[in-house]
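Below: the structure, in structure tokens.
The values are calculated or read from the model by the stated rules, or taken from the named source; none is laboratory data. These numbers come from a predicted model, not from an experiment. Cβ placement follows ideal geometry from the backbone for every residue including glycine, while neighbour counts extend to all protein chains displayed. The area values use the complete protein model at the heavy-atom level, side chains included, leaving out ligands, DNA and RNA. Shrake-Rupley method; radii C 1.70, N 1.55, O 1.52, S 1.80 Å.
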Amino acid sequence: MAKNVDDIRNLVVCGHGSSGKTTLVDHLLVKSGAVSGQPSVDNGSSICDFDEEEKHHKHSIEAAVVHFDHAGKRFNVIDTPGYPDLIGQTIGAIRAVETAVITIDAHAGIKVNTRRVWKEAGDAGLGRILCITKLDTDNINFAGLIDSIKEVFGTQCVPFNVPIGQGHDLKGVVSTIDPPKEVAGALIDPTEMHEKVVESIIEADEAVMEKYLEGEMPSKEVLQRLTAEALRQGTLTPIVCVSTKMNVGVNELLEVLMQATLPPSAIPRSGKKDGDDVTLKADPNAPLAAQVFKTRIDPFVQRLSFIRVFSGTLKKDSTVHVSGARKGIKIGPLLSVQAEKTTPIDQAIAGDIVAVAKTEDLHTGSSLGEVELPAIKF
């Protein structure tokens, strides 16, 4: 677990079915060193699709919680199903995070669930990142896809990198934030995108914008500092390009996640205490406020309640108030979750995502602590 709240990043990976979400998360786990090997949805060795039904159908049925560390940050990632009849899993996951990574199949384009998760994430106030996947497939109109993304989701959607080649000729991706002077084979000229990317980032800071309009270009350090703030304000939606099959763009995605994803303090959270509105603080020393966002019936531990801690510290074997319960409930051992594997831990601080086993009085939507959090509406 992370030692500091500011070092935690919680994100949901969502999108339409078969857009490569689970494979993308598997690759992030491998690239970051959290797991080894070559996990695959196709051969049933995926880290996230561990349930036998998921292995049989070769797609996610439930949301899976995993984590990895990168550049001093702890990333808690929730991989979600992509089919509309499983949207409840995604809605629950959205309540537990600050950032949504929305995948779009480069060939199939924007589909019904792409639009749905975009709206759900926006309604929840999350920062949003678009990830174009499967750039190794043939017959891709990349420039047309970017145009359709801007038309559907807004002109604040700007590529942080663009592919060099496509299909079998895909060679890599090239940055639009720091484009090279010369690059051959880029599907869109990265230097032409640079100005729009810069403007989308610095719109989050009036002083920097004024200097830019006066002819002063912001430094790399300023752009890095403002990227997450622009994401939070909604002036920026980064588009990143990936092909997991050809191992292209995953390292670059990791760097974007490090730079752009939001910390637990970025999104205001509120609830009710004794009928009054209360604003939560992402502070381990504040009063406890946490919520169950997913419940899984497991054949071995019987029942797992997945909990996001928004404020305070949740400790193992502690007795806490739970919404809907007549008296305090004793919380058993806390578990750090890596897909199907769990590890006992002593406590979880604000920003953490953990699980509790065999606690029948906990249900999806249950609030832990004296503050009652808004119900999760599926």
**OP:** State yes or no: is GLU210 more than 23 Å from ASN4 (Cα to Cα), assigned to a helix (DSSP H, G or I) and not polar (S, T, N, Q)?
**Re:** yes
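So that you can scan it fast, the table gives a plain yes or no per residue for (1) in contact with a strand residue (DSSP E or B) (Cβ under 7 Å, 6 or more places away or on another chain); (2) of a type in the set (D, E, K, R); (3) within 23 Å of LEU28 (Cβ to Cβ); (4) not in a strand (DSSP E or B):
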{"position": "ARG326", "(1), (2), (3), (4)": "no, yes, no, yes"}
{"position": "VAL337", "(1), (2), (3), (4)": "yes, no, yes, no"}
{"position": "THR342", "(1), (2), (3), (4)": "yes, no, yes, no"}
{"position": "GLY351", "(1), (2), (3), (4)": "yes, no, yes, yes"}
{"position": "VAL354", "(1), (2), (3), (4)": "yes, no, yes, no"}
{"position": "LEU368", "(1), (2), (3), (4)": "yes, no, no, no"}
{"position": "ILE376", "(1), (2), (3), (4)": "yes, no, no, yes"}
Original post:
What number of residues within region 288-315 satisfy the criterion of being within 11 Å of ALA355 (Cα to Cα) and not in a strand (DSSP E or B)?
Top reply: 1
Original post:
List pairs: first in region 337-358 and modelled with pLDDT of 95 or more, second open to solvent by 10 Å² or more (accessible area, probe 1.4 Å) and among the basic types (Lys, Arg), Cβ under 6 Å, 6+ apart or cross-chain?
Top reply: ASP346/LYS316; GLN347/LYS315
**OP:** Answer yes or no as to whether GLY332 is part of a loop (DSSP other than H, G, I, E, B) and surrounded by 23 or more Cβ atoms within 10 Å (Cβ to Cβ).
**Re:** no
**OP:** May I ask you to list pairs of residues, at least six apart or on different chains, whose Cβ atoms are under 6 Å apart, with the first in region 79-90 being within 9 Å of ALA63 (Cα to Cα) and the second being outside any loop (DSSP other than H, G, I, E, B) and open to solvent by 30 Å² or more (accessible area, probe 1.4 Å)?
**Re:** THR80/GLN89; PRO81/GLN89
**OP:** Look at LYS31 and say whether it is among the basic types (Lys, Arg) and either crowded, with 24+ Cβ neighbours inside 10 Å or over 17 Å from the mean Cα position of the chain (by Cα) (or both).
**Re:** no
Subject >> Residue match in region 3-18 (condition: farther than 16 Å from THR261 by Cα, aliphatic (A, V, I, L, M) and either part of a strand (DSSP E or B) or open to solvent by less than 10 Å² (accessible area, probe 1.4 Å) (or both)) >> reply: no
Original post:
Across region 231-287, what is the total count of residues that are part of a strand (DSSP E or B), within 27 Å of ILE376 (Cα to Cα) and either open to solvent by less than 30 Å² (accessible area, probe 1.4 Å) or of a type in the set (Ser, Thr, Tyr) (or both)?
Top reply: 4
Original post:
Between a first residue in region 169-194 that is farther than 21 Å from LEU254 by Cβ and in contact (Cβ under 8 Å) with a residue 12 or more places away in the chain and a second residue that is among the charged types (D, E, K, R) and surrounded by fewer than 19 Cβ atoms within 10 Å (Cβ to Cβ), which pairs have beta carbons less than 8 Å apart while being 6 or more apart in sequence or on different chains?
Top reply: GLY185/ASP169; GLY185/LYS171
Subject >> helices (runs of 4 or more DSSP H) enclosed by region 68-180 - at least 1 residues per element that are open to solvent by 40 Å² or more (accessible area, probe 1.4 Å) and of a type in the set (Asp, Glu) >> reply: 112-123, 142-153
Subject >> Which listed residue is under 21 Å from the mean Cα position of the chain (by Cα) and over 15 Å from VAL158 (Cβ atoms), from THR237, THR227, THR261 >> reply: THR261
